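Below is one structure, written out as structure tokens, with a few remarks after it.
The values are calculated or read from the model by the stated rules, or taken from the named source; none is laboratory data. These figures come from a predicted structure and were not determined experimentally. Virtual Cβ from ideal backbone geometry, glycine too; neighbours counted across all protein chains shown. Heavy atoms of the whole protein, side chains included, go into the accessibility calculation; ligands, DNA and RNA do not. Shrake-Rupley method; radii C 1.70, N 1.55, O 1.52, S 1.80 Å.
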Amino acid sequence: MASAGNGGGGGGVGALKRSMGPLRLQYYIVMGAVAAAVVLATLRYMPGPAIPATATAGSSATTTSGGGGAVVRSAPAAAAEVEDEEQAQEGTTTATTKKKRRKKGDGLVLFNFGDSNSDTGGVAAVMGIRIAPPEGRAYFHHPTGRLSDGRVILDFICESLGTPHLSPFMKPLGSNYTHGVNFAIAGSTATPGTTTFSLDVQVDQFVFFKERCLDLIDRGEAAPIEEKAFPDAIYFMDIGHNDINGVLHLPYHTMLEKLPPVIAEIKKAIERLHKNGARKFWIHGTGALGCMPQKLSMPRDDDSDLDEHGCIATINNVCKKFNSLLSEALDELRLTLKSSTIVFVDMFAIKYDLVANHTKYGIEKPLMTCCGHGGPPYNYDPKESCMTSDKYLCKLGEKFISWDGVHFTDAANGIVASKVLSGEYNIPRVKLTSLLPKPKSDE
């Protein structure tokens, strides 16, 4: 292509005109017009080439019929159109592939508040407790700070949603908070003052974490969680068991009187989280504490308080009352926090079913500890730890409900988690997947 420096553009045309005489210029104009007319006439009246029915994009030419005759398209033009169509199809396929390849759990954020039932290593980190083998043997093959031979229920839930296991808020090494935070600490209570990391403190930690994230975003720095992810996140709560344990030495009617203040603290925590942007709540009730080997191994005068499955009826009645009060409190919150989704999970029904129908799950000794002391019937001694050398340890692969007399095994937690995710034990009866945020558009 000519450029201004070498006479291209309008300057070259002017020089050409000056070199021609007027007659010679007219001669060329007339001849050019005649040639153009011949070409147009040929195209106008020449029949289009025959196109076989099986013609492909590689044919030399194609035609389309119109009112004025056949319009001929050269092979390069036809090929260009085919290429454009193929590129458009490829673009559609690529977009579809992107949607198909969207990773499960992308954009999902979870926050958890609780005690040892959902602690993924917080107490070990903050208290400097060295949790030794055989803890973690069934899944991780080494201790992780969980009080189990493997995963807790929260771990199974994370796996089902496609997110990594939640890192403890207090764990300084190896934590990843891009999919949420676990504020649960073993031994925690819902009521303040009795434990260091009670529920109100855990909520304080969440507020601090959120404010820190927003501060980083405002300053243009990277934050583990985006601002818009907080209202879309799911807020789990599994706490109250230690509050119940703390009143079991009292007369039955006094135990029941102690429950409403515990429920009030859980309700207060949900309201505060809502004030700080939380909108999706997944609340677990308490389990069947009367079926725990720890409780069953306590001295008793007789077995008159044992139910048909060998569990302590009085303790289980307290647990059922706790769940009833908690469910009622959540009903009230649904009326006042109308923009929220609040789900209650009946953990008592789920965990009691493991004992009542243990053979269905391949469990032979539903009331016996896997890792403990003393052997049958409960294999539990409050003076001895599962981590001591003289423990009575079940074989790897044997199905037990209780790992250490208090906490569940990896196998039992897996069964419980599957029932939690089924939605059959929830009020309202919805599945956890219904709370997931809508996937982002690919555009």
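Structure notes:
- Segment 327-354: number of residues that are closer than 29 Å to D381 by Cα and open to solvent by 10 Å² or more (accessible area, probe 1.4 Å): 5
- Count - residues of segment 175-185 that are touching a strand residue (DSSP E or B) at 6+ places or on another chain (Cβ under 9 Å) and in a loop (DSSP other than H, G, I, E, B): 5
- When each of P231, P192, P251, P224 is tested for being without any contact (Cβ under 8 Å) to a residue 60 or more places away in the chain and touching a Ser or Thr at 6+ places or on another chain (Cβ under 7 Å), the lone residue that passes is P224.
- Flag if S324 is surrounded by fewer than 16 Cβ atoms within 10 Å (Cβ to Cβ) and part of a helix (DSSP H, G or I): yes
- Residue in segment 362-382 that is at pLDDT 95 or above, aromatic (F, W, Y) and in contact with a helix residue (DSSP H, G or I) (Cβ under 6 Å, 6 or more places away or on another chain) present: yes
- Complete set of residues in segment 229-277 that are under 18 Å from the mean Cα position of the chain (by Cα) and within 17 Å of A190 (Cβ to Cβ): Y235, F236, M237, D238
- Among the criteria (1) modelled with pLDDT of 95 or more; (2) of a type outside the set (A, V, I, L, M, F, W, C); (3) open to solvent by 50 Å² or more (accessible area, probe 1.4 Å), the one H358 does not fulfil is (3).
- Count - residues of segment 307-321 that are surrounded by fewer than 19 Cβ atoms within 10 Å (Cβ to Cβ) and outside any helix (DSSP H, G or I): 4
- Some residue of segment 225-232 being in contact with a His (Cβ under 7 Å, 6 or more places away or on another chain), of a type outside the set (F, W, Y) and closer than 23 Å to S339 by Cα: no
- Options T409, T388, T433: the member that is on the phi < 0 side of the Ramachandran plot, among the polar types (S, T, N, Q) and buried (at least 16 other Cβ atoms within 10 Å of the Cβ): T409
- The C-beta contact set for segment 373-385 (first residue acidic (D, E), second residue in a loop (DSSP other than H, G, I, E, B) and surrounded by 13 or more Cβ atoms within 10 Å (Cβ to Cβ), distance under 7 angstrom, 6+ apart or interchain) comprises D381/H373; D381/G374; E384/H373.
- Positions within segment 299-354 being in contact with a strand residue (DSSP E or B) (Cβ under 6 Å, 6 or more places away or on another chain) and among the aromatic types (F, W, Y), in sequence order: F344
- For first residues located in segment 340-354 and of a type in the set (D, E), partners that are open to solvent by less than 20 Å² (accessible area, probe 1.4 Å) and lie 6+ apart or on another chain with Cβ distances below 6 Å form the pairs D346/G285.
- Every test in (1) at negative phi; (2) crowded, with 18+ Cβ neighbours inside 10 Å is passed by I427 save one, and that test is (2).
- When each of D106, D155, D149 is tested for being more than 22 Å from S198 (Cβ to Cβ), under 21 Å from the mean Cα position of the chain (by Cα), acidic (D, E) and buried (at least 24 other Cβ atoms within 10 Å of the Cβ), the lone residue that passes is D155.
- Listed conditions (1) open to solvent by less than 20 Å² (accessible area, probe 1.4 Å); (2) part of a helix (DSSP H, G or I) are all met by L214, apart from (1).
- Residue match in segment 168-181 (condition: in contact (Cβ under 8 Å) with a residue 40 or more places away in the chain, polar (S, T, N, Q) and in contact with a helix residue (DSSP H, G or I) (Cβ under 9 Å, 6 or more places away or on another chain)): no
- Residue in segment 394-402 that is in contact (Cβ under 8 Å) with a residue 40 or more places away in the chain and of a type outside the set (S, T, Y) present: yes
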